[in-house]
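S.K.: Structure provided below as structure tokens; questions to follow.
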Amino acid sequence: DAGVIQSPRHEVTEMGQEVTLRCKPISGHNSLFWYRQTMMRGLELLIYFNNNVPIDDSGMPEDRFSAKMPNASFSTLKIQPSEPRDSAVYFCASSSGISGMKETQYFGPGTRLLVL
Amino acid sequence: GNSVTQMEGPVTLSEEAFLTINCTYTATGYPSLFWYVQYPGEGLQLLLKATKADDKGSNKGFEATYRKETTSFHLEKGSVQVSDSAVYFCALIASSRRNEKLTFGTGTRLTIIP
């Protein structure tokens with residue numbers, strides 16, 4: 001299996017621009033997670049999908065952030081408009097099983113975002 | 001709420017030294033406990049896990065025992081290698097269905113010098 005695939009791997013953009021991050025989970029996994037990692041705040045869960053439905057989005061920072069999962073093999077995280085404080089590494093992870101969060105999560109390589 | 005506290009880094013050791021990275025937790029019920037490792041430029045990978053008290057998780061020479069009496073899950077390895085240099089995260093998932101988030105510690109950066 002190819003593992004969790006994220007694109008782009010690196011993104012540099014200017015403040016105010018829209019940013020879209022993409023994730024393809026491992027085939028057959030029914031849970032998908034978006035995390036953000038920064039030096040100051042560590043690893044934060046932004047949103048969690050189960051069977052393509054958002055279960056918990058309490059970690060989404062504000063209305064500028066949105067996430068979708070239109071089907072079992074694709075998810076996007078969008079930031080509009082982007083701000084310098086959004087600079088971070090964004091990870092997507094997926095897991096299998098009905099227990100969702102209790103199953104082992106497999107992480108993608110991350111997207112390193114820099115907002116100037 | 002649930003929380004994970006792990007020892008502050010960075011930790012620097014010589015090759016073949018003994019490693020301990022402390023991790024303690026606060027959680028309701030009987031959480032599952034995990035150690036994840038993040039190598040430079042990569043995402044997190046599950047290193048080992050334990051789902052009930054007294055369970056020992058092990059992988060790649062690393063071990064951790066779920067100690068409910070001390071609410072701890074310390075990571076150990078008898079002889080570290082340069083390739084073990086990475087950031088290590090302790091994490092838990094609470095057993096309660098209403099609070100199923102994977103809670104991470106802040107991570108401990110480990111550097112092994114030849």
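S.K.: Restricting region A:64-100 to residues that are modelled with pLDDT under 90 and more than 15 Å from the chain's Cα centre (by Cα), which is surrounded by the most Cβ atoms within 10 Å (Cβ to Cβ)?
M.R.: It comes out as A:Gly100.
S.K.: A:Asn50: more than 27 Å from B:Tyr88 (Cβ to Cβ) and away from chain B (no Cβ under 12 Å), yes or no?
M.R.: no
S.K.: I'd like to know if region A:22-34 contains one or more residues that are without any contact (Cβ under 8 Å) to a residue 40 or more places away in the chain and exposed (fewer than 14 other Cβ atoms within 10 Å of the Cβ).
M.R.: The answer is no, given that none of the residues of region A:22-34 is without any contact (Cβ under 8 Å) to a residue 40 or more places away in the chain and exposed (fewer than 14 other Cβ atoms within 10 Å of the Cβ).
S.K.: If I go through region A:51-78 residue by residue, how many of them are touching a Leu at 6+ places or on another chain (Cβ under 7 Å) and of a type in the set (S, T, N, Q)?
M.R.: The number of residues fulfilling the criteria is 2.
S.K.: Let me spell it out: the conditions are (1) within 12 Å of chain B (Cβ to nearest Cβ); (2) on the phi < 0 side of the Ramachandran plot, and A:Gly110 meets all of them except one. Which number is the exception?
M.R.: A:Gly110 satisfies all of (1) within 12 Å of chain B (Cβ to nearest Cβ); (2) on the phi < 0 side of the Ramachandran plot except (2).
S.K.: Considering A:Met39, A:Met60, A:Met15, which residue is open to solvent by 80 Å² or more (accessible area, probe 1.4 Å), of a type outside the set (Gly, Ala, Ser) and closer than 30 Å to B:Thr51 by Cα?
M.R.: A:Met39
The values are calculated or read from the model by the stated rules, or taken from the named source; none is laboratory data. The shown structure was predicted, so the numbers you read here are calculated from the model rather than taken from an experiment. Note: ideal-geometry Cβ built from the backbone for every residue, glycine included; neighbour counts use all protein chains shown. Just so you know, the surface numbers come from the protein's heavy atoms only, side chains and all, with ligands and any DNA or RNA stripped out. Shrake-Rupley method; radii C 1.70, N 1.55, O 1.52, S 1.80 Å.
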